[in-house]
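Please treat every number below as a calculation from the coordinates, not as lab data. Computed from a predicted structure; not experimentally measured. Methodologically, a virtual Cβ is constructed for each residue, glycine included, from the backbone with ideal geometry; neighbour enumeration extends over all protein chains shown.
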Ligand code: NAD
């Protein structure tokens, strides 16, 4: 069920959009037949989580504010202990992909139903995918049980996302849709979903950057985030996601910022092999080559341009290129280590995408 559905798609998830939607959390907990929620957040968003706990009153059984990037298993264990101590019968995750990831990790281990209240554009709430880290290694699984049953998008919550994070998080979401356009297992429905997501950001993101408190534009971009997340959950991802996972996993580079820097370069790598597939993207962003159109769009909005500014060392180029080429995901153009090294070198230096 999806209120105000854009593409004609069927989803088993209940998704609601609107100002003040967080105030419906108690009602949604009851609709799931539950009454004892543990509310999850990062330390940074503890106040938001406490406000929510106040709102839902007796349906709030506990609060765990230790969510962290890349879902470390020791954090999940600590949250699980808390959930058991308070006899929780459901989970409410309020935050970005890190907090939603913690909810998914607990659901995987307990079967507890989840309400997700996303405050970034990462899109994890729409997917059955969970990445977890243990002993410095990240593993990813796909399991329908981890996808939240209910998602509440409240533009008032995402309005507090700083502009720089707004831009990188949106480019993270757009990257899901760009790779969906040329996915091996794409179809007409996923194409429509991907274009819905891209259109929402192409139109809405400049307005959000101009006026971060514009709640109509914020809501439009949240609809885009859902579409981009949903399509990520339906088709396989390719070179762009492989590069970002490699850089994030090996060097702990920040997630959304890495996506923002890599996207024009990964698109340049694939744009001849997937020319027909990427044409609608370029048209949407004003024409020209798809990679150049993305580069200009991201640049106009002030996105970071180089891996160097994210903290990567030039000396890491060889080993990250080797790792990215070692077990490649399927990609429209064959993944060759020398070409990947050249791509990463441009991205590291902040050069425009290759011709
Ligand atoms: P995040 O959840 O790590 O948030 C980054 C920081 O911003 C945190 O401190 C957070 O508290 C803060 N923040 C979030 N929303 C805010 C708001 N509205 N106002 C003020 N501060 C706010 O960042 P993210 O990019 O959303 O998530 C990244 C994580 O999500 C990664 O671990 C990534 O692997 C995962 N992810 C998973 C999937 C999936 O399908 N499994 C998809 C996308 C991302």
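Descriptive notes on the structure:
- Normalised by the number of residues in the stretch 86-220, the average gap of Cα pairs under 8 Å and 6 or more apart makes the relative contact order 20 percent.
- Distance from the stretch 36-85 to the stretch 220-248 (C-alpha centre basis), Å: 25 Å
- The angle between the Cα long axis of helix 46-56 and the longest principal axis of the Cα atoms of the chain comes to about 40 degrees, rounded to the nearest 10.
- Here is the size of the chain from its Cα atoms: Rg then Dmax, 19.4, 59 Å.
- Order of 127, 139, 110 under a 10 Å beta carbon neighbour criterion, fewest first: 139, 110, 127
- Ordering 261, 231, 146 from the fewest to the most neighbouring beta carbons within 10 Å gives 146, 261, 231.
- Length-normalised contact order for the chain - Cα pairs under 8 Å, 6+ apart - percent: 14 percent
- Based on Cα contacts under 8 Å between residues 6+ apart, the stretch 152-219 shows a relative contact order of 46 percent.
- Under the simplified labelling scheme, the residue 27-residue 192 pair shows an inter-label distance of 2.8 nm, with each label point 7 Å from Cα along Cα→Cβ.
- Here the simple spin-label model places points 7 Å from the Cα toward Cβ, and for residue 55 and residue 160 these points are separated by 1.1 nm.
- The alpha carbon centroids of the stretch 287-343 and the stretch 158-216 are separated by 19 Å.
- Efficiency of FRET from Cβ geometry, residue 85 and residue 276, R₀ 41 Å, rounded to 0.05: 0.15
- A Cα-only calculation for the stretch 44-150 places Rg and Dmax at 12.7, 39 Å.
- In terms of surrounding Cβ atoms within a 10 Å radius of their Cβ, 226, 330, 348 rank from fewest to most as 330, 348, 226.
- Spin-label model, residue 296 to residue 73: label points 7 Å out along the Cα-to-beta-carbon direction sit 4.8 nm apart.
- Principal axis box of the stretch 163-349, alpha-carbon based, largest edge first, Å: 45, 35, 29
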